[in-house]
1. Which residues in the stretch 92-130 place their backbone N less than 11 Å from a point set 7 Å from the Cα of residue 60 along the Cα-to-Cβ direction?
2. Contour minus end-to-end for residue 183 and residue 111, with contour as 0.36 nm per residue of separation and end-to-end as the Cα-Cα distance?
3. Scaled to the compact-protein estimate 2.2 N^0.38 Å, what is the alpha-carbon radius of gyration of the stretch 24-266, rounded to two decimal places?
4. What Kirkwood hydrodynamic radius, in Å, does the stretch 192-252 give when the mean of 1/r is taken over all pairs of distinct Cα atoms and then inverted?
5. Using Cα centres only, tell me the gap between the stretch 96-110 and the stretch 164-233 in whole Å.
6. How many nm separate the modelled label positions at residue 148 and residue 248, each set 7 Å beyond the Cα in the direction of the Cβ?
7. For every helix of n ≥ 4 consecutive DSSP H residues, a contribution of -39,500 (n - 2.57) applies; sum these over the chain, divide by its total residues, and give [θ] at 222 nm rounded to the nearest 500 deg cm²/dmol.
């Protein structure tokens with residue numbers, strides 16, 4: 001993450017001052033998939049059940065190398081321990097889905113000179129880095145119905161054995177790579193893969209240790225206890241996992257949007273004489 005940031009900060013500022021460039025703006029629609037990296041999918045990119053992501057974006061092309069983009073994206077992430085090859089995770093038997101809404105502002109750096117609508121500069125890979133605000137809502141299914149997990153305090157939040165409830169919004173750092181291609185005089189397509197670094201470990205509602213089911217039942221309700229521990233058997237051979245690890249609190253969760261964007265240049269097409 002820091003290497004990516006340093007790269008952006010050290011690039012020559014002369015890229016902003018290209019001559020004879022007519023600044024332009026784009027508006028586009030976004031579609032693709034979403035996935036996450038966390039306690040129920042620790043390592044595998046594009047792992048778990050891939051869900052739909054959709055959104056809108058607008059670009060302000062400052063030069064043929066630099067672009068500022070604003071975007072709004074909605075995506076759903078989902079994973080299940082039952083799909084893991086790890087026996088411990090299979091025994092833990094947790095699952096979740098989460099709906100994420102994100103607003104982001106990112107800076108894009110084109111590898112090559114690129115300009116939407118200009119046949120002289122029709123294609124370029126690019127890198128991007130930015131800042132986003134997101135809202136999320138982890139849920140789990142029980143007896144055919146989905147329940148929101150944060151209010152249930154499944155790791156003791158809100159009880160005498162736990163702390164405060166985790167936040168359902170936060171800041172993330174989007175970064176990744178893409179490819180832009182001109183299609184017609186004012187139409188372009190871009191393909192993008194983008195990770196989001198977050199500061200929460202609760203996109204999946206899993207982070208710390210199991211809490212006594214008796215405490216959860218008494219203070220947060222029976223449903224909290226039922227959804228907190230769905231393991232096939234206790235780690236010590238008993239029916240309770242209280243005190244044992246439920247997740248890895250030392251690793252934060254990540255989410256990803258992998259998308260295709262169809263965009264249109266706003267205003268007139270680039271003038272040939274201006275862009276020689």
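Please treat every number below as a calculation from the coordinates, not as lab data. Not measured: the values here are computed from a predicted model. Positions of Cβ are backbone-derived with ideal geometry, glycine not excepted, and every protein chain shown enters the neighbour counts.
1. In the stretch 92-130, the label zone of residue 60 (backbone N under 11 Å from the point 7 Å along Cα→Cβ) covers no residue.
2. Result for the pair: 24.1 nm of gain on full extension.
3. 1.19
4. Computed over the stretch 192-252, the radius equals 13.1 Å.
5. Answer, in whole Å: 13.
6. Spacing of the two 7 Å Cα→Cβ label points: 3.0 nm.
7. The helix contribution divided over the chain gives -2500 deg cm²/dmol.
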